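The values are calculated or read from the model by the stated rules, or taken from the named source; none is laboratory data. Predicted model only: the values in this text are computed from it and were never measured. Glycine also receives a Cβ, built like all others from the backbone with ideal geometry; neighbour counts cover every protein chain displayed. In case anyone asks, the SASA skips ligands and DNA or RNA and just uses the protein heavy atoms, side chains included. Shrake-Rupley method; radii C 1.70, N 1.55, O 1.52, S 1.80 Å.
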Amino acid sequence: MRYDRRSILAAGLACAAAPALARSRQQSLADADGPPLRARAARKGLLYGVALQTRNLADTPLAEAAAREASLLVPEYEAQWRIIHPEPQRYDFRAIDRLEAFARSHDMQFRGHSLVWHLLMAQWIQGAIETRASAERVLVDHVTTVVGHGRGRMHSWDVVNEAIADGNPELRRTPWLAALGPDYIDIAFRAARAADERLLLTYNEYGIQHADASSDRKRAAVLRLLEGMRRRNVPIDALGVQSHLSAGLPFDAEKLRRFLAEVAGMGLQVFLTELDVRDRDLPGDEDPRDQAVADLTRRYLDAALDERAVKIVVTWGVSDRHSWLNDVAQSRRADGRRVRGLPLDEGLARKPMWRAMAAAFDGAPAR
Ligand code: G3I
């Protein structure tokens, strides 16, 4: 039994809430364990969001479960360049407009992901950015047009995604770096600010949540990148910490706390943008696997949410019924079982991970 503030508070709440929880037990399975995550997050000035694809909208129970639990929606991949700007003179916003319409009809905010990324680039780009001038024109036109499409309606955009190379502190070698050098990052952020004065502009990165040496290096590189942007007065509002956790990798709460405090010290917000848990190294039995996933989620969120600059938590999907983790070799389980790294199970029932998130939101300091 932990006797820190959070546990005493939770125990106290549990006693005080016992009658309500008892009543709540009578609710449907979907309502067991009480208020949805969006309500618990809102009580603390947080936003809880989920990533969806348009094809998820055809799965009405899943889409409704997402809207019941979350108050922010992110297109999982359909706001990427290849999808929304497939030809030099043609934009196609149909997919993200459908997702935005769903979000609006369910009182959810909408965030964009992502304007500049080395994956899902349109095939035509390479031949269009052979000079510095043409590269800057292509980049600024894309950012201006896409941000302009949602002007005044979007919570935030991931302006640049994953610009730091794995394994070393340098910038990832992308066509944008080749054409414009490191300036491409500042150019993208300045164009986004010019297109929407109120939009929250985010730099999004992965591999900075664990305590292994690679994550240590990447955290240091992210801090250098952000410090440089602040020094050059580049308009940026938040760091996106993707939060793809891996059960089995070392996690050090104090290292995370120190890192987030340094980011907050620069006057930036922090968004946990793609939370899920890779469980391939856990045994196949569901109960112990679910508990291990929940325990890691709780430890991670308890540490992160102690930092009041952390403002949103997004899970990369909402149910094990659909997760990218089943689609890629480095996350797929060797035993062929589906990954169980999201808050709802395939039947849309709340799992221990959901309860861990609920407890972390309930125990978090208010923003
Ligand atoms: O839905 C279409 C299908 O109709 C088509 O037949 C098929 C073949 O072209 O493609 C399907 O779309 C795929 C989509 O996933 C849905 O499965 C896209 O090609 C594929 O590119 C897309 O992958 C996305 C991936 O980013 C793109 O690299 C994943 O959904 C998405 O979860 C993943 O998300 C990334 C974040 O953007 C950045 N952080 C890491 C995260 C996980 O890789």
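The single condition among (1) outside any helix (DSSP H, G or I); (2) more than 20 Å from the chain's Cα centre (by Cα); (3) of a type outside the set (Phe, Trp, Tyr) that Leu275 does not satisfy is (2). Kindly establish whether Arg172 is touching a residue at least 12 places away in the same chain (Cβ under 8 Å), within 15 Å of the ligand (Cβ to nearest atom) and basic (Lys, Arg). Spelling it out, Arg172 is indeed touching a residue at least 12 places away in the same chain (Cβ under 8 Å), within 15 Å of the ligand (Cβ to nearest atom) and basic (Lys, Arg). Residues in the range 101-138 that are part of a helix (DSSP H, G or I), among the small types (Gly, Ala, Ser) and either over 20 Å from Arg90 (Cα atoms) or touching an Asp or Glu at 6+ places or on another chain (Cβ under 6 Å) (or both): 4 in all.
Within the range 111-132, being over 14 Å from Ile83 (Cα atoms) and open to solvent by 70 Å² or more (accessible area, probe 1.4 Å) holds for Gln126, Glu130, Thr131, Arg132. Taken as a whole, the structure leaves Met154 outside the set of residues that are within 15 Å of the ligand (Cβ to nearest atom), part of a loop (DSSP other than H, G, I, E, B) and crowded, with 17+ Cβ neighbours inside 10 Å.
Here the condition is being open to solvent by 10 Å² or more (accessible area, probe 1.4 Å), of a type in the set (Asp, Glu) and either touching a helix residue (DSSP H, G or I) at 6+ places or on another chain (Cβ under 9 Å) or without any contact (Cβ under 8 Å) to a residue 40 or more places away in the chain (or both); of Asp335, Asp345, Asp320, it holds for Asp345 alone.
In this entry, Ala65 passes the filter for residues that are away from the ligand (no atom under 16 Å from the Cβ) and buried (at least 22 other Cβ atoms within 10 Å of the Cβ). Within the range 227-245, can one find any residue that is open to solvent by 40 Å² or more (accessible area, probe 1.4 Å), away from the ligand (no atom under 16 Å from the Cβ), part of a helix (DSSP H, G or I) and not basic (Lys, Arg)? Within the range 227-245, one or more residues are open to solvent by 40 Å² or more (accessible area, probe 1.4 Å), away from the ligand (no atom under 16 Å from the Cβ), part of a helix (DSSP H, G or I) and not basic (Lys, Arg).
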